[in-house]
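K.L.:
The structure is given below, and queries will be raised subsequently.
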Amino acid sequence: MAKQEDFFRNVISHAKEYGYIFASSEIYDGLSAVYDYGQNGAELKKNIKDYWWKSMVQLHQNIVGLDAAILMHPTTWKASGHVDAFNDPLIDNKDSKKRYRADVLVEDYAEKINQKAQKEIAKAKKRFGDKFNEEEFVATNPRVIRYKKEEREILERLAKSLTDEDLVDVKALIEELGIACPESGSKNWTDVKQFNLMFGTKLGASADSATDLYLRPETAQGIFVNFSNVQKTGRMKIPFGIAQIGKAFRNEIVARQFIFRQREFEQMEMQFFVRPGEELKWFEHWKETRQNWHASLGLGEENYRFHDHEKMAHYANAATDIEFNFPFGFKELEGIHSRTDFDLKAHEEHSGKKLRFYDPEMKENYVPYVIETSIGLDRMFLAVFSASLKEEELEGGTSRTVLKLPAVLAPTKAAVLPLVKKDGLPELAHEIIEELKWDFRVQYDEKDAIGRRYRRQDAAGTPLCITVDHDSLEDKKVTVRYRDTMEQKRVAITELKEIIQQEVDFKSWMKK
Ligand code: GAP
């Protein structure tokens, strides 16, 4: 555990040191759970957005984009259910005065039991080696069976009490499990209360005529209210999707874990409209498609797992989370939800406008069903960043810190380094940059010995270094060094564009 916490601390300090993430308004001591993305962070974030947008919109003839406003008519949030049901169950510890999400306290407890089961499995795997049959072990080992049963019963009971809005039972569960405040160790809890997560704001100049608005808590509703606009003007036929990337705001009470849970964050969402009755087929389709998207980035299959929901959101008839192994354990990265016709129907009722599709094959007018894929951009950032940060032992007893970002996402694709700051080498390096800068973000660096510059670029996540030396002036060749393998090769300056392209190109990553 201590190791995990140390690694997480490293992730946070590395993100700051290399210009990826700063606390918001840091000179005023920051604002809790709000962050700014620095010079490298802004690039990485933009590249993640591009990777998502290209794979969801550009590669699909039947998916189009949208950029709806953050401020929406307030009835939107009544219709969507957010005014009445977008709540977190909160509980306070009377001694530490700390506030927690009651469901998260229980889920964390259940996860600890799951970890015990995983430990038993890992021990057995080590003992039996190649002969180990995990499925059989999980089904027959009494300890693992007990842990799994205990975990399942806790989660089922939590899901039932939340669905029934039985907050008394949520508190009873916390007490029965003996869950203590992580801060003070005390078990002196208040009752559990619901707390609405939407940020309110006002539209208008004078206090009495101002309209109460909300900052959107999800981008999805901007898509639903534009369903007919896009369908008609784009002549879209079912099945089709509308994708959007944008800011969302939630007044998270328990906002910890760096950029994982923020009050202002970005979502990349896609609503896929289908025929009623076909939604579960499309739900499976999008589960697989999104899994493949994640796999294409090479962050390690073992770092992902699906978690099917026990408790559905008020709008869903099937839901799963893609969880990622963050530095603090497996947590939700992306949600895939079968939202039925809940949203479009609710907007029809509240607006009095028809939100339907005339299906020429079925000769029928219907409210489409919806499959949603919803991923937090900031969480994807944290997944990519933390899975890429490595401490490597090198030959000769030295070590290096290297940020092995997928090259397609790296902020800077190549650094051009003159071996020395004289003899015409800086001029040739600048000439190379002038050529490459039209296609890639490249950086010049002449300070310090070449070895230190390599280390600096490794730690910043730059996949390639291009070194210009005295021979380059004569033979028009340079040395290309690869971040991940540290392999070096001599290539003609005219080949550079193609070499970088091969490493960072969207098409080659997606096709892999
Ligand atoms: N439209 C559906 C929806 O908003 P959600 O599960 O509440 O569903 C979707 O959110 C995704 O948004 C999550 O999987 C997560 O990646 C991201 N997300 C949610 N709350 C967040 C927060 N406070 N900070 C950062 N990301 C968040």
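K.L.:
What are the residues in segment 13-27 that are in a helix (DSSP H, G or I) and either at pLDDT below 95 or closer than 21 Å to I253 by Cα (or both), if any?
P.N.:
Listed by number, the list holds a single entry, E26.
K.L.:
What are the pairs, 6+ residues apart or on separate chains, where a residue within segment 50-61 that is in contact (Cβ under 8 Å) with a residue 24 or more places away in the chain has its Cβ under 6 Å from a residue that is open to solvent by less than 10 Å² (accessible area, probe 1.4 Å) and β-branched (V, I, T)?
P.N.:
From segment 50-61, the pairs are M56/I63; V57/I63.
K.L.:
To continue, here is another question. Which of the residues belonging to segment 327-343 are within 19 Å of S388 (Cα to Cα), of a type outside the set (D, E, K, R) and within 11 Å of the ligand (Cβ to nearest atom)?
P.N.:
Correct list: L333 only.
K.L.:
Moving on. Filter segment 323-334 down to the residues that are surrounded by 21 or more Cβ atoms within 10 Å (Cβ to Cβ) and under 25 Å from Y369 (Cβ atoms) and list them by number.
P.N.:
Across segment 323-334, the qualifying residues are L333, E334.
K.L.:
Okay, moving on. For segment 323-372, enumerate the residues that are farther than 15 Å from H307 by Cβ and polar (S, T, N, Q).
P.N.:
Within segment 323-372, S338, T340, S351, N365 qualify.
K.L.:
Out of the residues in segment 166-191 meeting the condition of being over 32 Å from the mean Cα position of the chain (by Cα) and touching a residue at least 60 places away in the same chain (Cβ under 8 Å), tell me which one is most open to solvent (accessible area, probe 1.4 Å).
P.N.:
Among residues in segment 166-191 that are over 32 Å from the mean Cα position of the chain (by Cα) and touching a residue at least 60 places away in the same chain (Cβ under 8 Å), the one most open to solvent (accessible area, probe 1.4 Å) is D191.
K.L.:
If a residue has to be hydroxyl-bearing (S, T, Y) and open to solvent by less than 10 Å² (accessible area, probe 1.4 Å) to count, how many in segment 387-405 make the cut?
P.N.:
Number of matching residues: 1.
K.L.:
So which helices (runs of 4 or more DSSP H) are wholly in segment 352-465 and hold at least 3 residues that are within 16 Å of the ligand (Cβ to nearest atom), within 20 Å of P327 (Cβ to Cβ) and not aliphatic (A, V, I, L, M)?
P.N.:
Counting at least 3 such residues, we get 377-388.
K.L.:
To continue, here is another question. Would you check if there is a residue in segment 75-90 being of a type in the set (D, E), within 30 Å of V168 (Cα to Cα) and exposed (fewer than 15 other Cβ atoms within 10 Å of the Cβ)?
P.N.:
yes
K.L.:
While we're on this one: Sort out which residues of segment 406-439 are of a type outside the set (K, R), within 35 Å of the chain's Cα centre (by Cα) and buried (at least 18 other Cβ atoms within 10 Å of the Cβ), and write them in order of number.
P.N.:
Answer for segment 406-439, where residues must be of a type outside the set (K, R), within 35 Å of the chain's Cα centre (by Cα) and buried (at least 18 other Cβ atoms within 10 Å of the Cβ): P406, A407, V408, L409, A410, P411, T412, A414, A415, V416, L417, L436.
Yes or no, residue by residue, for (1) in contact with a Pro (Cβ under 9 Å, 6 or more places away or on another chain); (2) modelled with pLDDT under 95; (3) open to solvent by less than 60 Å² (accessible area, probe 1.4 Å):
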site: Y37; (1), (2), (3): no, no, yes
site: K46; (1), (2), (3): yes, no, no
site: V57; (1), (2), (3): no, no, yes
site: Q61; (1), (2), (3): no, no, no
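K.L.:
Six or more apart or on different chains, Cβ atoms under 9 Å: show the pairs whose first residue is in segment 330-341 and free of Cβ contacts under 8 Å to residues at least 60 places away in the same chain and whose second is near the ligand (Cβ under 6 Å from one of its atoms) and open to solvent by 30 Å² or more (accessible area, probe 1.4 Å).
P.N.:
Hits for this filter: E332/R379; L333/R379; E334/R379.
K.L.:
Still on this structure, please answer the following. Out of everything in segment 243-286 that is within 19 Å of A23 (Cβ to Cβ) and of a type in the set (K, R), what residue ends up being surrounded by the most Cβ atoms within 10 Å (Cβ to Cβ)?
P.N.:
Here the residue is R250.
The values are calculated or read from the model by the stated rules, or taken from the named source; none is laboratory data. Keep in mind the model is a prediction, meaning the values are calculated, not measured. Please note: Cβ atoms are built from the backbone with ideal geometry, for glycine as well, and neighbour counts cover all protein chains shown. All accessible areas refer to the heavy atoms of the entire protein, side chains included, with ligands and DNA or RNA removed. Shrake-Rupley method; radii C 1.70, N 1.55, O 1.52, S 1.80 Å.
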